[in-house]
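Asker: My questions will all concern the structure given below.
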Amino acid sequence: MLLLLLVLLAVLLPGGDNQKASPGPTSFHIIQISTFANSTWTKHCGSGWLGDLQIHGWDSDTGTAIFLKPWSKGNLSDVEVTEMDNIFRFYYVGFTREVQEHLLDLQFKYPLEIQSIGGCELQSGGAIVSSWKGAVGGLDFLSINTTCWPAPGPSSSRAQKVCEIFAKYKGIFDTVEHLLYKTCPRFLLSVLEAGKVDLQRQVKPKAWLSSGPSPEPGHVLLVCHVSGFYPKHVWVMWMRGQQEQLGTQQRGDFLPNADGTWNLRTTLDVAAGEAAGLACRVKHSSLGGQDLVLYWGRSIPIGLVILAVIVPTLIFLLGLVLWFWRCRSYQDI
């Protein structure tokens, strides 16, 4: 029954025009996470991803698909959307029943979590590679394309039993092969074309520096904040001249904004006396090759600050004196 998800996704992934993919994301995958707390409580979560952008969801309460982008239907018609909802509802009922019936045979115990991911990816040379994998409790369990392969490890014997069960249904494997190698590539190219304007959007990052508490006395934690950029891929590194600082660390995951842009923090822990001369360099596709470079501790010389304040003041005072002098001259005439 783990295979049934891909079989039923034939409705989700109809054939499309074989058009050139746009830059940006190059893969489409569907993820399923099914949690079995006990014999009566089960929850299923499904989502569709174009690269690292989620474009499909699943409302388990209403049993309907959620299209998160105006273009995420690809070439699905309204009729196909309705049909897809019906098939997914049927799938989750059947998947739950099959897992519960074979739980003891496969030596699984409650609570149980099953994950699966299947889809295809466009390679740099133009070829499209498809794959499907299943996991139990976060550990690889088996992979399937035209053949069922148990993942090596302590669960390989149980995975082999699953493969033996699936081997009885040749029609399922034929459908999986067609889905992975024919349908998914066509849908991937179709949805890339449909979402081209959105996917090719470029938003320049904003960056600033700050310091944070260092775990070591006499050190300073340099923090480079990069915010509001799209697409997600970005390169951020602390540098000394042209030398990358190997102690640079990314703090936390990429964080999303409501407008679809991303945020990231990158840090470097150094001795306080060694911070001078360091800089944070940011590379992003929206910058057109002109990297952002922020230098730690760089400030405007105090002399320039004084000039910037005093010179306009002197000019104003001089003008005021000349105005009073002219006024007195007119009064003396």
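Asker: Sort Lys73, Lys133 by accessible area with a 1.4 Å probe, largest first. Could you put the intermediate results ahead of the total?
Answerer: Values: Lys73 65, Lys133 110 Å².
In descending accessible area the options line up as Lys133, Lys73.
Asker: How much of Lys161 can a 1.4 Å solvent probe reach, expressed as accessible area in Å² and rounded to 10?
Answerer: Accessible area, nearest 10 Å²: 80 Å².
Asker: Spin-label point model (7 Å from Cα, Cβ direction): what's the Glu274 to Asp105 distance in nm?
Answerer: Going from the Glu274 label point to the Asp105 one covers 6.2 nm.
Asker: Along Cα→Cβ, 7 Å out, is where each label goes; now give me the distance between the ones at Phe67 and Gln202 in nm to one decimal.
Answerer: Placing both labels 7 Å along Cα→Cβ, they lie 3.0 nm apart.
Asker: Just list whichever of Lys69/Lys206; Lys109/Lys161; Lys196/Lys232; Lys133/Lys182; Lys43/Lys168 have alpha carbons separated by over 20 Å in the model shown.
Answerer: Among Lys69/Lys206; Lys109/Lys161; Lys196/Lys232; Lys133/Lys182; Lys43/Lys168, the Cα-Cα distance tops 20 Å for Lys69/Lys206; Lys43/Lys168.
Asker: Classify region 176-224: rounded, prolate or oblate, from the alpha-carbon gyration tensor (a ≥ b ≥ c, eigenvalue square roots; a/c under 1.5 rounded; otherwise prolate if a/b is larger than b/c)?
Answerer: Verdict is oblate for region 176-224.
Asker: How large is the charge dipole for region 20-169, taken about the Cα centre, if only the Cβ atoms of Lys, Arg (+1) and Asp, Glu (-1) carry charge, to the nearest 20 debye?
Answerer: 260 debye
Asker: Hey, if we sort Trp58, Trp132 by accessible area with the 1.4 Å probe, largest down, what's the order?
Answerer: In descending accessible area the options line up as Trp58, Trp132.
Asker: Ignoring everything but the protein chains, give the 1.4 Å probe accessible area of Val129 in square angstrom, nearest 10.
Answerer: Rounded to the nearest 10, that gives 80 Å².
Asker: Then there's this: Got a sec? What order do His178, His219 fall in by accessible area at 1.4 Å, biggest, i.e. largest, first? Display every interim value, and only then the final one.
Answerer: On the way: His178 95, His219 60 Å².
Correct descending sequence by accessible area is His178, His219.
Asker: So if we plug the beta-carbon distance of Lys161 and Ser211 into 1/(1 + (r/R0)^6) with R0 = 51 Å, what FRET efficiency do we get, rounded to 0.05?
Answerer: Plugging the Cβ-Cβ distance into 1/(1 + (r/R0)^6) gives 0.35.
Asker: Obtain the nm distance between the two label points defined at Gln243 and Asp174 by a simple spin-label model: each point lies 7 Å from its Cα along the Cα-to-C-beta direction.
Answerer: Those two pseudo-labels are separated by 6.6 nm.
Asker: Okay, next question. Alpha carbons only, please: Rg and Dmax for region 48-204, in angstrom.
Answerer: 17.6, 55
Asker: If you don't mind, there's one more thing I want to ask. Computing the accessible area with a 1.4 Å probe over protein heavy atoms, can you report the carbon and sulfur percentage for region 181-303?
Answerer: 54 percent
Asker: I need the calculated FRET efficiency for the pair Leu255 and Ala151, taking r as the beta carbon distance and R₀ as 22 Å, to the nearest 0.05.
Answerer: Computed FRET efficiency for Leu255 and Ala151 comes out at 0.10.
The values are calculated or read from the model by the stated rules, or taken from the named source; none is laboratory data. Bear in mind that the values here come from a model prediction, so they are computed numbers and not experimental data. Please note: Cβ atoms are built from the backbone with ideal geometry, for glycine as well, and neighbour counts cover all protein chains shown. Just the protein is used for accessible areas: all its heavy atoms, side chains included, with ligands, DNA and RNA removed. Shrake-Rupley method; radii C 1.70, N 1.55, O 1.52, S 1.80 Å.
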